[in-house]
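Trainee: Quick one: this structure, given as structure tokens, is what I'll be asking you about.
The values are calculated or read from the model by the stated rules, or taken from the named source; none is laboratory data. Worth saying up front: this structure is predicted, and the values here are computed from it rather than measured. Please note: Cβ atoms are built from the backbone with ideal geometry, for glycine as well, and neighbour counts cover all protein chains shown. Each accessible area value is taken on the protein alone, full model and side chains, heavy atoms only, with ligands, DNA and RNA left out. Shrake-Rupley method; radii C 1.70, N 1.55, O 1.52, S 1.80 Å.
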Amino acid sequence: MSAAPQSRATPVPAAPDDANDLPASVWPEAAERDEHGVLVLGGIRATALRERFGTPLYVLDEDEVRRAARRTLAAFRSAAGAHGAQARVYYAGKAFLSTEVVRWVMEEGFAVDVCTGGELAVALAAGADPARLGFHGNNKSVRELERAVEVGIGSIVLDSWIELERLAAIVERRDARQAVLLRVSSGVHAETHDFLATAHEDQKFGFTLEDAPAAVARIRELDGLEFTGLHCHIGSQIFGTAGFRESAARVVELHAELLAGGDIPVLNLGGGFGIAYRPEDDPTPIEALATGIVDAVAQECAVRGIPVPHLAFEPGRAIVGKAGVTLYEVGTTKPVQVDDALTRLYVSVDGGMSDNARPALYGAQYSARIASRTSDADPVLARVVGKHCESGDIVVDAEHLPGDVAPGDLLAVPATGAYCFSLANTYNYVPRPPVVALRGGEARVIVRGETVDDLLARDAGLTATPTEGNDMPRMSQRSETT
Ligand code: LLP
């Protein structure tokens, strides 16, 4: 590793022995190379996927999603079962939401958490039983709440006093009764990026532990609302159990206090379970996390002499993250002399911060491999960048790639199943890529790719009459028509 200063304060990973390998911690279980060295995903060659669907391409291995869902559900059920409690697991739809994915996770026994009217619409369009949906969000509109109550949503997680009264008015008007949870902020700062930590004091989500008793008392005096439990989510991409355990201890204390006012069937401890993005990442396996968290809850309950409530969890990333691989085509390469000791090969691909905003938003680190071939060329330090007009348009900040990586090579970035498609944007009018699902050696489009025509279709300026000799509408005309 070079001690030389770098243009970005990120560590240079150690050069791998083999820059063609596919470390099991970051690649889907079914990823392999064929006899020609071509990457095979879910039984299909990456080169065949490029031919059929083009690049950039989001690839989602359905078997891997289902496997992660089953493993996660089993882990939490068995951890809760050891204390005579049940566990319900919601898939946090924000990680990746489409009707297909809703159906997969529901078939595997999950409930689904949504956090906007749009996500609710997707889950309903998938045919989800509304009773198996939970509704989050710190600023749900009257319309969104109305819709949720109207369809009979399983639970609404209340986030503020204003929302509590807003929902109370809606259920009264509709003569309905709605199960609610109260989101609390436990004050625990999870060890993750600041923007991914949600339960410390200076942020927008939930009630403080101090305000919660008054809010629960208010819910309990309303006929239309049924208080079913507390909710706490401390953040995302968390590797260890310490933060979860500390948070659980604080929330159980409040839960115990609130039992004096009536039964509380559930305690929802949110999601946030981390995954490996790079081979050196070492997240706690989900079984150990589940046991660690649930045992902490049970211990706190035992100390207070109260029964262990049924528990709910909301993993998103841990279900879809590792199942996703993004395929890009290399367009240009350019060695850049960073300083006397460091040369970095910039490898430009045909996507970028529009299909993966995470490096730009959180400094997220990914890995990459050439997918269309293997190479014996010595590995060089590379930075995979996109095609957007920003120097922060980075896909993989630091990776060793074979030194002969060249235009036309297909590049694969693993662990892109969570928060890439869902955070995608159309910056620089780059259309969003399609999503292809793989199962049983078959590939099918589950979200079609966008076209420039899709983007132009929103441009109201196109309805203006072109001026003579100039097919661009004049500014004045455009403003008249908008
Ligand atoms: N429950 C609640 C209330 C949440 O806010 C979240 C994530 C989850 C569950 C699921 O967390 P997960 O298991 O996926 O970590 N865009 C960021 C992550 C934002 C997470 C927002 N809330 C990223 O790309 O890392």
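Trainee: So is S78 within 23 Å of V297 (Cα to Cα), in contact (Cβ under 8 Å) with a residue 40 or more places away in the chain, out of contact with any strand residue (DSSP E or B) (no Cβ under 8 Å at 6 or more places or on another chain) and of a type in the set (S, T, Y) or not?
Mentor: On the way: within 23 Å of V297 (Cα to Cα): yes; in contact (Cβ under 8 Å) with a residue 40 or more places away in the chain: yes; out of contact with any strand residue (DSSP E or B) (no Cβ under 8 Å at 6 or more places or on another chain): yes; of a type in the set (S, T, Y): yes.
Yes.
Trainee: Please report, ordered by residue number, the strands (runs of 3 or more DSSP E) entirely within region 383-454 with at least 2 residues that are open to solvent by 40 Å² or more (accessible area, probe 1.4 Å).
Mentor: On the way: elements: 394-402, 410-414, 435-439, 442-447.
Result: 442-447.
Trainee: A further question on this structure: Restricting to region 359-379, count the residues that are under 19 Å from Y419 (Cα atoms) and open to solvent by 10 Å² or more (accessible area, probe 1.4 Å). It would help to see each step written out before you state the result.
Mentor: First, pick out the residues of region 359-379 that are under 19 Å from Y419 (Cα atoms): 359-368.
Subset that is open to solvent by 10 Å² or more (accessible area, probe 1.4 Å): 360-365.
The number of residues fulfilling the criteria is 6.
Trainee: OK, next. Given (1) open to solvent by less than 50 Å² (accessible area, probe 1.4 Å); (2) farther than 30 Å from F76 by Cα; (3) within 14 Å of the ligand (Cβ to nearest atom), identify the lone condition not met by D350.
Mentor: (3)
Trainee: Sort out which residues of region 71-116 are within 12 Å of the ligand (Cβ to nearest atom), assigned to a helix (DSSP H, G or I) and among the charged types (D, E, K, R), and write them in order of number.
Mentor: Listed by number, the list holds a single entry, K94.
Trainee: Taking the stated definitions as given, is A74 aliphatic (A, V, I, L, M), open to solvent by 10 Å² or more (accessible area, probe 1.4 Å) and not assigned by TED's automatic domain parsing to the domain that holds G352? Outline the logic, then answer.
Mentor: Values: aliphatic (A, V, I, L, M): yes; open to solvent by 10 Å² or more (accessible area, probe 1.4 Å): yes; not assigned by TED's automatic domain parsing to the domain that holds G352: yes.
So A74 fits the description; yes.
Trainee: Right, something else. Taking the condition away from the ligand (no atom under 14 Å from the Cβ) and within 30 Å of the chain's Cα centre (by Cα), does A248 pass? Quick ask: steps written out before the conclusion?
Mentor: Details: away from the ligand (no atom under 14 Å from the Cβ): yes; within 30 Å of the chain's Cα centre (by Cα): yes.
Yes, satisfied.
Trainee: Taking interchain pairs and intrachain pairs at least six residues apart, which have beta carbon atoms under 7 angstrom, with the first residue in region 169-182 and under 28 Å from H233 (Cα atoms) and in contact (Cβ under 8 Å) with a residue 40 or more places away in the chain and the second among the hydroxyl-bearing types (S, T, Y) and not in a helix (DSSP H, G or I)?
Mentor: A179/S155; A179/T228; V180/S155; V180/T228; L181/S155; L181/T228
Trainee: Using the structure shown, decide if G272 is in contact with a Ser or Thr (Cβ under 6 Å, 6 or more places away or on another chain) and open to solvent by less than 50 Å² (accessible area, probe 1.4 Å). Give the derivation first.
Mentor: Values: in contact with a Ser or Thr (Cβ under 6 Å, 6 or more places away or on another chain): yes; open to solvent by less than 50 Å² (accessible area, probe 1.4 Å): yes.
In short, yes.
Trainee: When you go through (1) within 17 Å of the chain's Cα centre (by Cα); (2) farther than 20 Å from G270 by Cβ one by one for V38, which number turns out not to apply?
Mentor: It is condition (1) that V38 fails.
Trainee: Starting from region 16-30, take each residue that is within 25 Å of G274 (Cβ to Cβ) and list its partners that are of a type in the set (F, W, Y), counting only C-beta distances under 8 angstrom and pairs at least six apart or across chains.
Mentor: V26/Y277
Trainee: Here is a further query. Does region 126-145 contain any residue that is more than 17 Å from Q178 (Cα to Cα), open to solvent by less than 40 Å² (accessible area, probe 1.4 Å) and among the aliphatic types (A, V, I, L, M)? If you could, list the steps in order and put the result at the bottom.
Mentor: Initially, region 126-145 is screened for residues more than 17 Å from Q178 (Cα to Cα), giving 126-128, 138-139.
Right, trim to open to solvent by less than 40 Å² (accessible area, probe 1.4 Å) and you get 126, 128.
So of that shortlist, the ones also among the aliphatic types (A, V, I, L, M) come out as 126, 128.
Taking every residue of region 126-145 in turn, at least one turns out to be more than 17 Å from Q178 (Cα to Cα), open to solvent by less than 40 Å² (accessible area, probe 1.4 Å) and among the aliphatic types (A, V, I, L, M).
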